[in-house]
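The values are calculated or read from the model by the stated rules, or taken from the named source; none is laboratory data. None of the values given here were measured: they were computed from a predicted structure. Positions of Cβ are backbone-derived with ideal geometry, glycine not excepted, and every protein chain shown enters the neighbour counts. Side chains are part of the model used for accessible areas, which takes the heavy atoms of the whole protein and leaves out ligands, DNA and RNA. Shrake-Rupley method; radii C 1.70, N 1.55, O 1.52, S 1.80 Å.
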Amino acid sequence: MGKIKIAIIGVGNCASSLIQGIYYYTEKDEKDAIGLMHWDIGGYKPEDIEVVAAFDVDKRKVGKDLSEAIFAPPNCTKIFCENIPRMDVEVSMGPVLDGVAPHMNEYDEKYTFSVADEEPVDVVEVLEDNDAEMLLNYLPVGSEKATRYYAKCALEAGTAFINNMPVFIASDPNWASRFEKAGLPVIGDDIKAQIGATITHRTLTQLFKKRGVKLDRTYQLNTGGNTDFLNMLNRDRLHSKKKSKTEAVQSILGDERLDPENIHIGPSDYVPWQKDNKVCYLRMEGRIFGDVPMNLELRLSVEDSPNSAGCVIDAIRCCKLALKRGIAGPLTSISAYTMKHPPIQYPDNEAAKLVDKFITGEIER
């Protein structure tokens, strides 16, 4: 089948979990491959993914072999596969642009980014020289200019784009059209977790709707101690993130969408000692038979970055199938299955069925 050659923007916790997973599942077979939604996608298994290029701005990562960089500070995710062999992929210096929020400079270096004193590389040249087939975006929330810069580089290099963060590319008609015209697939936007706050909130909202419960109001509050939560202390960077997470829940309600004052979804605070552990608090208030009030409260605790890698590893392999089949533009099925703000929102059970049909070739996207 050959390798799936990927490039990564941002060598943070999410990239670390993904790369650890590629090697972790190499030692597994289908029977004991816990944590995968699909073991085989069109003949491709996790071990068929090869990282050929990576970009970051932190001095502790730039210039290092990727096998070393994924464990460098401020990364703090759980290490579940320690023995990563040398990958012979040097982390390249990317452009900073708006990728580092000013308030990040106020914190101890062990928690935050430390920008390298290096000139940015020619991203297009690196992608082309390494025959990258797709570019994965793991930039911090609020990196609007940087995300659009890298999306443009992907177009110029003839590279597919998987947008794992909440700047709208795949779900923006203009960008979607540009990728379609370039003959390239695009997946996005804003990665869901396997079992995370958004998928849980959506599932419970669907349950309320199916069981005839009128949802009156709800909130989702999240805390964590990784750089993502530290970055999001700057509320000015959260517009697209809040829109993405809120729309993921509102879309389930259809014509009975909640008024803005009755739904609050977003990060709550940064707790350093939590590290990459994310704690989600959900509350849903509604009415059952006879307009009798009820409420549900839930606490979810999960390691944030491995949770997202379980979805990204499927998105990569579906993107490869699209490349092989000559499919361009937004991949709506895998986007709906793995992303919070896809081009088309589907209920999660329907999105799962559509992905299976895409894998077998029954539907085009």
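Some points to look at:
- With the convex hull of its Cα atoms as the shape, region 173-302 has an orientation-averaged projected area of 9.8 nm².
- Largest-first principal axis extents of the Cα set of region 289-362 (Å): 54, 32, 19
- What region 112-163 shows is 41 Å² of accessible area per residue, with the surface traced by a 1.4 Å probe over protein heavy atoms.
- Calculation over all alpha carbon pairs of the chain in 10 angstrom steps from 0 returns a P(r) of 5, 25, 35, 25, 8, 2, 0 percent.
- Directionally averaged shadow of region 120-164, computed from the convex hull of its alpha-carbon atoms, nm²: 3.0 nm²
- Relative contact order of the chain: 19 percent, from C-alpha pairs under 8 Å at least 6 residues apart in sequence.
- Modelled label reach - Leu233, point 7 Å along Cα→Cβ, region 52-71 residues with backbone N closer than 18 Å: none
- Over region 158-246: Kirkwood hydrodynamic radius from C-alpha pairwise inverse distances, Å: 15.4 Å
- For a label point 7 Å along the Cα-to-beta-carbon line of Thr223, residues of region 263-282 with backbone N under 19 Å: 264-282
- Whole-number percent relative contact order across region 240-365, with pairs defined as alpha carbons under 8 Å at least 6 apart: 20 percent
- Angle in degrees between helix 197-210 and the longest Cα principal axis of the chain, rounded to the nearest 10: 30 degrees
- Accessible-area ranking of His239, His38, largest first, probe 1.4 Å: His239, His38
- Cα-Cα over 19 Å, subset of Lys320/Lys357; Lys210/Lys340; Lys242/Lys278: Lys210/Lys340
- Relative packing of 166-178, 252-264, 149-161, which averages over residues the other C-beta atoms within 10 Å, highest first: 149-161, 166-178, 252-264
- Potential lengthening of the chain between Lys181 and Lys152 amounts to 9.1 nm, from the contour at 0.36 nm per residue minus the alpha-carbon distance.
- Take the Cβ atoms of Val96 and Lys214, set R0 to 41 Å, and the FRET efficiency comes out at 0.30.
- Net charge contributed by nearby residues that have their C-beta within less than 13 Å of Leu233 (K/R +1, D/E -1): -1
- Evaluated at q = 0.11, 0.14, 0.15, 0.20 Å⁻¹: base-10 log I(q)/I(0), Debye formula over Cα of region 35-170: -0.44, -0.73, -0.84, -1.44
- Remark: relative contact order (region 40-92) = 46 percent; criterion is Cα-Cα distance under 8 angstrom and separation of 6 or more residues.
- Taking the 1.4 Å solvent-accessible surface of the chain as the whole, the part contributed by carbon and sulfur is 48%.
- For region 230-365, fraction of C-alpha pairs farther apart than 17 Å, in %: 70 percent
- Full extension of the segment from Glu47 to Ala33, taken as 0.36 nm per residue of separation minus the current Cα-Cα distance, would add 3.8 nm.
- Using a Förster distance of 41 Å, the FRET efficiency for Glu128-Gln206 (Cβ separation, nearest 0.05): 0.40
- 222 nm mean residue ellipticity, helices alone, for the chain (DSSP H n ≥ 4; -39,500 (n - 2.57); rounded to 500): -10500 deg cm²/dmol
- Of the cross-linked pairs Lys214/Lys241; Lys5/Lys64; Lys28/Lys241, those separated by over 30 Å at the C-alpha level are Lys28/Lys241.
- Expressed per residue, the C-alpha convex hull volume of region 94-244 stands at 149 Å³.
- Taking a sphere under 15 Å around the Cβ of Glu118 and counting the other residues whose Cβ falls inside, with K and R at +1 and D and E at -1, yields a net charge of -2.
- Neighbourhood net charge (10 Å Cβ-Cβ; Lys/Arg +1, Asp/Glu -1) for Leu258: -2
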